[in-house]
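As structure tokens, the structure follows; a few thoughts come after it.
The values are calculated or read from the model by the stated rules, or taken from the named source; none is laboratory data. Please read these numbers as outputs of a predicted model, since none were measured by experiment. Cβ sites come from the backbone with ideal geometry, for glycine too, and all protein chains shown count toward neighbours. Surface accessibility is based on the protein's heavy atoms, side chains included, excluding ligands, DNA and RNA. Shrake-Rupley method; radii C 1.70, N 1.55, O 1.52, S 1.80 Å.
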Amino acid sequence: MIEVLAKLGRGPVFLAGEVLECVITFTNPLSASSTSASSEMLAWASAQIHCQFHASENRVALPPSDGSKHDVQAENETVFVPNRGERGQCILSTPPKILFCDLRLDPGESKSYSYCETLPVDGPPSFRGQSVKYVYKLTIGCQRVNSPIKLLRVPFRVLVLHGLKDYQFPQDEAVAPSNPFLEEEEGLKKDSRLADLATELLMVATSRRSLHLYNISNTRGKVGTFCIFKTVYKIGEDVIGTFNFSEGDIPCLQFSVSLQTEETIQEEFQRRRGQPVSFTVHARHQESCLHTAQSSFSLPIPLSSTPGFTTNIVSLKWRLHFEFVTSGESAGTCLVRGSQSEAVTWTGVEQMEVDTFSWDLPIKVLPTNPILASYVSQFSSTNSITI
């Protein structure tokens, strides 16, 4: 028996273009004093990253796949197929790397191997939508002699930040700040600079503030104004907006604001022409606001959500969806006098004529620091199997 343990050193969330590092440990758990203790042999072990794509058959029409499926593992087959038995199609993969050949482990002995690979910048982000899914995994395959291959899959999340792909690092390393007391490998050095650059780009893009004012009105007149200070956010931030109903001619009885994503299948891949767009609500605020001069809302963008992106099959966009309920009568008729005596009691009307209308405001949502997103990730940094 051999235990295989894979551990992602920095957490299960990465930016496309970063270097994924995983330490893989092979252990013979039996102690030398055990009566059944014996040395264990592994013929080989290899590792590879791949992105698996799955589409809903009811929503997406994909062209037939040319590749043959390998769902059955032959007893003595030595071909390493990381996505064997997985649903969907493998749309992206890195070259496989051999960790070792002919490994012998004595009782109680363990050996560790470091796997490093740069995540492709031209792939899609991790996404689990109503129509399609993009799932990234690191798969470690190992095999005993004359035994079937065993696969250990390590799922992780990939965020894509547009603009990093075209950035050129300066050739003159002398001008870049460095620590002379530390020796860094070139790949790790560039990876660190890539993460710093991504943080800087995100900070610049999401820190710009300018006043955006919108008049809210229906066919009968002005209801109020809406104010928001920016329309570009990172996942994990709060979307904050304010309403001013004091200058409105039409009383607003109630409003709701929903933070939504809009998942659209590209026209050539739609199962039915003109099929409806899929919406997902991530946060919602609702408030009764009759005789309210000003109000506000704060909607958090979940760290586990996917920033906006576009591929050849699907696009994901973010928006604020507003719904307003206004009175069909003047503000003065919203209350009735309940008594003619000196003590006057005002009560609300039992029925009221109302109008409803909605409005959509597009916003842009970008990734955040992958270390921050790792804290709420559903994936574990450590995965293991026993063979």
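Using the Karplus curve 6.51 cos²θ - 1.76 cosθ + 1.60 with θ = phi - 60°, what ³J(HN,Hα) values do you get for each residue of the range 206-217, in whole Hz, with x for Gly and Pro?
9, 9, 6, 10, 8, 6, 10, 10, 10, 7, 9, 8
Add +1 for every Lys or Arg and -1 for every Asp or Glu among the other residues with Cβ under 15 Å from the Cβ of GLY274, and state the total. If you can, show how the numbers build up before the last one.
Working: positive: ARG59, ARG271, ARG272, ARG273; negative: GLU267, GLU268.
It works out to a net charge of +2.
Need one value: the accessible area of VAL354 in square angstrom, 1.4 angstrom probe, rounded to the nearest 10.
It works out to around 70 Å².
Highest mean first, what order results for 126-133, 356-363 on Cβ atoms within 10 Å?
Numbers: 126-133: 18.4, 356-363: 13.4.
Ranking, from highest mean packing down: 126-133, 356-363.
Which ³J(HN,Hα) values in Hz, rounded to whole numbers, follow from the phi angles of the range 21-27 under the Karplus curve 6.51 cos²θ - 1.76 cosθ + 1.60, where θ = phi - 60° and Gly and Pro get x?
Whole-Hz 3J(HN,Hα) from phi for the range 21-27: 10, 9, 9, 10, 10, 10, 10.
Extension gain GLU200-ARG271, at 0.36 nm per residue separation less the Cα-Cα distance, in nm? Kindly include the intermediate steps, with their values, before the conclusion.
On the way: separation 71, 0.36 × 71 = 25.56 nm, distance 4.09 nm.
Additional length available on full extension: 21.5 nm.
List the residues, sorted by chain then number, that are 5 or more residues from LEU30 or on another chain and whose placed amide H is less than 5 Å from its amide H.
The list, which skips near neighbours in sequence, is GLY108.
Please report the carbon-and-sulfur percent of the accessible area for the range 235-281; probe 1.4 Å, protein heavy atoms only, DNA, RNA and ligands left out. Don't skip to the end; give the middle numbers.
Details: 990 of 2310 Å².
Of the solvent-accessible surface of the range 235-281, carbon and sulfur hold 43 percent.
For the range 206-291, what is the accessible area per residue in Å² when the probe is 1.4 Å? Don't jump to the answer; show the numbers that get you there.
On the way: 4640 Å² over 86 residues.
Each residue of the range 206-291 exposes 54 Å² on average to a 1.4 Å probe.
Using θ = phi - 60° and the Karplus relation 6.51 cos²θ - 1.76 cosθ + 1.60, list the HN-Hα couplings for the range 123-134 in order, rounded to whole Hz, with x at every Gly or Pro.
x, x, x, 5, 7, 10, x, 7, 10, 9, 9, 10
Can you list residues whose amide H is under 5 Å from LYS234's amide H, if they're 5+ apart or on another chain and H is modeled 1.01 Å from N?
LEU366
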